[in-house]
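The values are calculated or read from the model by the stated rules, or taken from the named source; none is laboratory data. What you see is a predicted model; the values in this text were computed from it and never measured. Methodologically, a virtual Cβ is constructed for each residue, glycine included, from the backbone with ideal geometry; neighbour enumeration extends over all protein chains shown. Calculation scope for accessible area: heavy atoms of the full protein, side chains included, ligands and nucleic acids excluded. Shrake-Rupley method; radii C 1.70, N 1.55, O 1.52, S 1.80 Å.
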Amino acid sequence: MSSTDQLTHSRRLTHSRNAAKRNVLISGASIAGPALAFWLNRHGYAVTVVEKAGAPRSGGYPVDVRGTALEVVRRMGILPRLREAHIDSRRMTFLDGDGSEVASINPHDVVGSVAGQDLEVRRGDLTDALYAAVREDVDFLFDDSIDTLDQTGHGVDVTFRGGSTRTFDMVFGADGLHSRTRASVFGPEEQFHRYLGYCFAVFTMRNTLGLSHEVTMWNTPGRAAALYAVGDGDDVHAFLNFARTEPPFDVDAFRDPEAQRDLVAAVFADAGWEVPGMVAAMRDADDLFIDVVSQIRMPRWSSGRVALVGDAAYAPSFLTGQGSSLALVGAYMLGGSLAGRDAAAGFAAYERDTRAFVTANQDRIGEGDATLFPTTARSLERRNAMLRNLAATPPAQGRPAHSALTLPEFTPMG
């Protein structure tokens, strides 16, 4: 073997040994987790993803992919698949308390998305595309979760609920708004939780109105009820939203499913339009999800060898329409920041280069001031006037915050 061949062989062995040492664990297999797994694998890490569910999560409410996030999915190679899955909602109709029409407009004019560019897809279609992009290169542990984390000088010792133990160089929490990883490393959620003044319930029900590719929303001050037909099928997504000055966490029973249903039903007890039927359907729904509308605001997203991404680090709330996009962009930035860097340097670069983009999108919503969910009669009148004006004169499309970050180029290491 020539000296040149020996040097090349030595470099390959060194690279192999280094790559073998860079074992990382991601908790969560929804959006941020598989996206981060894709980029970490691209940059030479051996990646394991643990997910408490028994399989990739399908279904769920439609989500948006906008602005900078579109470039992320393009670089992942899944943009064509997502374009095929695009829902293409065609109409958003707003109703007054008595069910009369206030305005019917193009959804893009309301949410600030760009027709023909930004995407709206079923959440399950996005998670399926992300999983398909990484399943051959990443180890997935389904039906399991992290029980304990112990950071040491040589790594992070992890005990899984299934009973096994392993040591990783780094661990990433991509486990959502109520992240257990965040709680175990950074402390209770309450210190990072910013309540935005609303509670909501989502579920599916029969499409009794024959809706197709559209959203119909009923409003009175502090209350909203919406039916969302992603196609022309037999079912629709139902949504009930209401303002509440303080979160209902002061009532221990709120975490009881029946108490949750009772709370929502009481708020909408005298509502008109199709709301009584929606409340009745909520009582029987097997996919009901009830929670408060909130954000996660943290002074730092990492501690030692553990970092957070997506909703676990900076949930913006569904009111911004940017939850999925922030997860995708954050995963790209975190994975790329760790290319050729150790945890400390990589995490510092991730926060330095990503935080302004996150904050700009989170700041689009303040407490109790969501445009679509006015809390007073006067603010509802102003919103309705704005909607009528939109119907007559659509605004320029796109929101600056959606594209406020230009993605850097990270050289693949793997």
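Could you check region 47-61 and list, in sequence order, the residues that are at pLDDT 90 or above and touching an Asp or Glu at 6+ places or on another chain (Cβ under 8 Å)? Those that are at pLDDT 90 or above and touching an Asp or Glu at 6+ places or on another chain (Cβ under 8 Å): Val47, Thr48, Val49, Val50, Glu51, Lys52, Ala53, Gly54. For region 98-108, a tally of residues being at pLDDT 90 or above and part of a strand (DSSP E or B) returns 4.
Look at region 63-90: where a residue is on the phi > 0 side of the Ramachandran plot and a partner is among the aliphatic types (A, V, I, L, M), sitting 6+ places away or on another chain with Cβ atoms under 7 Å, you get Gly77/Ala133. Annotation note: of Gly272, Gly231, Gly277, the sole residue that is farther than 18 Å from Ala201 by Cα, in contact (Cβ under 8 Å) with a residue 60 or more places away in the chain and out of contact with any helix residue (DSSP H, G or I) (no Cβ under 8 Å at 6 or more places or on another chain) is Gly231.
Note on region 260-278: among residues that are assigned to a helix (DSSP H, G or I) and over 26 Å from the mean Cα position of the chain (by Cα), the one that is surrounded by the fewest Cβ atoms within 10 Å (Cβ to Cβ) is Ala266.
Beta carbons closer than 6 Å, at least 6 apart along the sequence or on distinct chains, pair a first residue in region 180-192 that is in contact (Cβ under 8 Å) with a residue 12 or more places away in the chain with a second that is hydrophobic (A, V, I, L, M, F, W, C) and outside any helix (DSSP H, G or I) for Arg182/Leu308; Ser184/Leu149; Val185/Val306; Phe192/Ile296; Phe192/Met298. For region 153-185, the set of residues classified as open to solvent by less than 30 Å² (accessible area, probe 1.4 Å) and under 25 Å from Val329 (Cα atoms) consists of Phe168, Met170, Val171, Phe172, Gly173, Ala174, Gly176, Ser179, Thr181, Arg182, listed by residue number.
A single entry from Arg57, Arg75 fulfils the requirement of being part of a helix (DSSP H, G or I) and open to solvent by 20 Å² or more (accessible area, probe 1.4 Å): Arg75. For Ala331, the stated conditions do not hold, so it cannot be described as over 26 Å from Ala225 (Cβ atoms) and either in a loop (DSSP other than H, G, I, E, B) or open to solvent by 10 Å² or more (accessible area, probe 1.4 Å) (or both). Across region 109-148, the number of residues qualifying as at pLDDT 95 or above, open to solvent by 20 Å² or more (accessible area, probe 1.4 Å), touching a helix residue (DSSP H, G or I) at 6+ places or on another chain (Cβ under 7 Å) and of a type in the set (A, V, I, L, M, F, W, C) comes to 1. With respect to (1) assigned to a loop (DSSP other than H, G, I, E, B); (2) surrounded by fewer than 21 Cβ atoms within 10 Å (Cβ to Cβ), the lone exception for Pro316 is condition (2).
For every residue, the table says whether it meets (1) among the basic types (Lys, Arg); (2) in contact (Cβ under 8 Å) with a residue 60 or more places away in the chain; (3) over 30 Å from Ala392 (Cβ atoms).
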residue: Gln117; (1), (2), (3): no, no, no
residue: Leu126; (1), (2), (3): no, yes, yes
residue: Ala129; (1), (2), (3): no, no, yes
residue: Leu141; (1), (2), (3): no, yes, yes
residue: Asp150; (1), (2), (3): no, no, yes
residue: Gly155; (1), (2), (3): no, yes, yes
residue: Phe160; (1), (2), (3): no, yes, yes
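Being farther than 11 Å from Leu308 by Cβ, modelled with pLDDT of 95 or more and surrounded by fewer than 17 Cβ atoms within 10 Å (Cβ to Cβ): is that true of Arg206 here? Judged against the criteria, Arg206 is a match. Return yes when Val49 is surrounded by 24 or more Cβ atoms within 10 Å (Cβ to Cβ) and either without any contact (Cβ under 8 Å) to a residue 60 or more places away in the chain or closer than 21 Å to Val114 by Cα (or both) and no when it is not. Against the criterion (surrounded by 24 or more Cβ atoms within 10 Å (Cβ to Cβ) and either without any contact (Cβ under 8 Å) to a residue 60 or more places away in the chain or closer than 21 Å to Val114 by Cα (or both)), Val49 does not qualify. Can you confirm whether Leu40 is crowded, with 18+ Cβ neighbours inside 10 Å, under 18 Å from Asp157 (Cα atoms) and not β-branched (Val, Ile, Thr)? No; evaluated as a whole, the condition is false for this residue. The residues of region 17-27 that are open to solvent by 10 Å² or more (accessible area, probe 1.4 Å) and within 16 Å of Ala313 (Cβ to Cβ) amount to a single one, Ser27.
Rundown of residues vs (1) part of a helix (DSSP H, G or I); (2) at positive phi; (3) at pLDDT below 90, yes/no style:
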{"position": "Met298", "(1), (2), (3)": "no, no, no"}
{"position": "Ser325", "(1), (2), (3)": "yes, no, no"}
{"position": "Ala339", "(1), (2), (3)": "no, no, no"}
{"position": "Arg352", "(1), (2), (3)": "yes, no, no"}
{"position": "Gly366", "(1), (2), (3)": "no, no, yes"}
{"position": "Thr371", "(1), (2), (3)": "no, no, yes"}
{"position": "Leu390", "(1), (2), (3)": "yes, no, yes"}
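The numbered conditions (1) in a strand (DSSP E or B); (2) touching a residue at least 40 places away in the same chain (Cβ under 8 Å) are all true for Thr208 except (1). Inside region 184-195, can you point out the residues that are farther than 18 Å from Asp144 by Cβ and part of a helix (DSSP H, G or I)? Across region 184-195, the qualifying residues are Val185, Phe186, Glu189, Glu190, Gln191. Does any residue of region 244-255 turn out to be of a type in the set (Gly, Ala, Ser) and either in contact with a Gly (Cβ under 7 Å, 6 or more places away or on another chain) or part of a loop (DSSP other than H, G, I, E, B) (or both)? The answer is no; no qualifying residue exists.
The residues of region 88-97 that are open to solvent by less than 50 Å² (accessible area, probe 1.4 Å) and in a strand (DSSP E or B), listed by number, are Met92, Thr93, Phe94, Leu95.
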